[in-house]
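Taken together, the values in this text are just the output of simple stated rules run on the coordinates, not laboratory data. Only a predicted model underlies this, so the values are computations on that prediction, with no experimental measurement involved. Methodologically, a virtual Cβ is constructed for each residue, glycine included, from the backbone with ideal geometry; neighbour enumeration extends over all protein chains shown.
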Amino acid sequence: MGFQFYWFWGCGLGKFTLIVSCVFYVFFYFAALARMCDIVLRDNFNIFVVSLVVTYLTYLSWTALASQPGETCNPFHLSGVNTFM
């Protein structure tokens, strides 16, 4: 996430995507930790599940931001490594 903030903070779509992702991360971790305090939102919601979801959401936000065709929003637009990864 740190690299995403560094590279993609320059445009509106990047800011929106990163802020929404971080809000979801905080909510998911809060929900998992609330379960440990006997506030149950779902029975199968734990830290392991949250870690997998956050990893996948980070991947999705990276691919969304790396697919932008504009040079101002995506400094890696013409990079072959970006396409390969």
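Structural remarks
- Spin-label pair residue 15/residue 37, simplified geometry with 7 Å Cα→Cβ offset, distance in nm: 3.2
- The string of couplings for region 48-63 from the Karplus curve (6.51, -1.76, 1.60, θ = phi - 60°) is 4, 5, 5, 5, 5, 5, 5, 5, 5, 5, 5, 4, 5, 5, 5, 5 Hz, one whole number per residue in order, with x for Gly and Pro.
- If the segment from residue 47 to residue 25 were pulled out straight at 0.36 nm per residue, it would be longer than the present Cα-Cα gap by 6.8 nm.
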